[in-house]
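Everything on this sheet refers to the single structure shown next.
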Amino acid sequence: MGYVSNVIGKDEAVSYEGHISLLAYWKSFLVGGFFLALGLITPGLKLATFDELEASARLYSSLFFLAIGAYILAPPFIAKMTTELAITNRRIIAKFGFLRRDTIEINLSKIESIRVEQSIFGRMLNYGSLVIIGTGGSREPIPEIVDPLEFRRQYDEILNRHT
């Protein structure tokens, strides 16, 4: 946790760490996997006529499909590697992004509620999004995390311990 360890204060300690769920990106894996598979089988296709032009066309189309598959599959892994979620004894900290950084830092005392949003697949595969509602009505979304109910439960326990 590079960002979190750099921003926590002297008397502040991480009490719980959350993580992004790769299962939330199942559609990307389905589509990206299709293109990767297409890129892998394209060179092996045997057509009625086989000449050098056809072979190079199959090679370029294979590389094209592999590039599309990689382009679709990269964002979930980048999100997983570059997102940091933590609850400290004072606040909730969330950091998103690699080249561009977006952060959320809300003091525990300034949180009015935490809303959990889960789709049917999210409930089955145990992932979902949190919407942290702060004083004044500010809404801070934390998308696609593993076990959002546990994150909210940990927040409640930490809040009760320190109040």
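The values are calculated or read from the model by the stated rules, or taken from the named source; none is laboratory data. Computed from a prediction, not measured in an experiment: that's the story for all the values here. No Cβ is skipped: glycine too gets one built from the backbone with ideal geometry, and neighbour counts run over all protein chains shown.
Within the range 1-35, the set of residues being aromatic (Phe, Trp, Tyr) and more than 12 Å from Glu84 (Cα to Cα) comprises Tyr25, Trp26, Phe29, Phe34, Phe35. Of the set (1) outside any strand (DSSP E or B); (2) within 15 Å of the chain's Cα centre (by Cα), all apply to Lys95 but (1). Just one of the listed residues (Val4, Val31) is in contact with a strand residue (DSSP E or B) (Cβ under 6 Å, 6 or more places away or on another chain), in a helix (DSSP H, G or I) and not assigned by TED's automatic domain parsing to the domain that holds Arg139, namely Val4.
Would you point out which residue out of Tyr60, Tyr3 is at pLDDT below 90, out of contact with any helix residue (DSSP H, G or I) (no Cβ under 7 Å at 6 or more places or on another chain) and buried (at least 18 other Cβ atoms within 10 Å of the Cβ)?
Details: Tyr60 fails: buried (at least 18 other Cβ atoms within 10 Å of the Cβ).
Of the residues listed, the single one that is at pLDDT below 90, out of contact with any helix residue (DSSP H, G or I) (no Cβ under 7 Å at 6 or more places or on another chain) and buried (at least 18 other Cβ atoms within 10 Å of the Cβ) is Tyr3.
Within the range 98-123, take every residue that is touching a Pro at 6+ places or on another chain (Cβ under 9 Å) and in a strand (DSSP E or B) and give me the one that is farthest from Gly9 (Cα to Cα). Residue satisfying both the conditions and the ranking: Glu117.
Restrict the check to the range 73-81 and report whether at least one residue is among the aliphatic types (A, V, I, L, M) and at pLDDT below 90.
First, the residues of the range 73-81 that are among the aliphatic types (A, V, I, L, M): 73-74, 78-79, 81.
With at pLDDT below 90 added as a condition, the list becomes none.
There is no residue in the range 73-81 that is among the aliphatic types (A, V, I, L, M) and at pLDDT below 90.
Test Ser15 against the stated conditions and say whether it is within 23 Å of Pro143 (Cβ to Cβ) and not in a helix (DSSP H, G or I).
On the way: within 23 Å of Pro143 (Cβ to Cβ): yes; not in a helix (DSSP H, G or I): yes.
Answer is yes for this residue.
For Leu59, are the conditions met, namely being over 21 Å from Ile158 (Cα atoms), of a type outside the set (Val, Ile, Thr) and assigned to a loop (DSSP other than H, G, I, E, B)? So Leu59 fails the test. Among the candidates Ile93, Ile114, Ile87, Ile72, the residue that is surrounded by 15 or more Cβ atoms within 10 Å (Cβ to Cβ), over 20 Å from Tyr16 (Cα atoms), of a type in the set (Val, Ile, Thr) and touching a helix residue (DSSP H, G or I) at 6+ places or on another chain (Cβ under 6 Å) is uniquely Ile72. Inclusion of Ala86 among residues that are without any contact (Cβ under 8 Å) to a residue 60 or more places away in the chain and within 23 Å of the chain's Cα centre (by Cα) is not warranted.
Do you know which of the residues in the range 124-140 that are out of contact with any Ser or Thr (no Cβ under 6 Å at 6 or more places or on another chain) and assigned to a strand (DSSP E or B) is surrounded by the fewest Cβ atoms within 10 Å (Cβ to Cβ)?
From the range 124-140, those out of contact with any Ser or Thr (no Cβ under 6 Å at 6 or more places or on another chain) are 124-126, 128-132, 134-140; that's our starting set.
Next, from what is left, pick out any that are assigned to a strand (DSSP E or B): 128-132, 134, 139-140.
On the way: Gly128: 24, Ser129: 17, Leu130: 23, Val131: 14, Ile132: 21, Gly134: 16, Arg139: 9, Glu140: 16.
My answer is Arg139.
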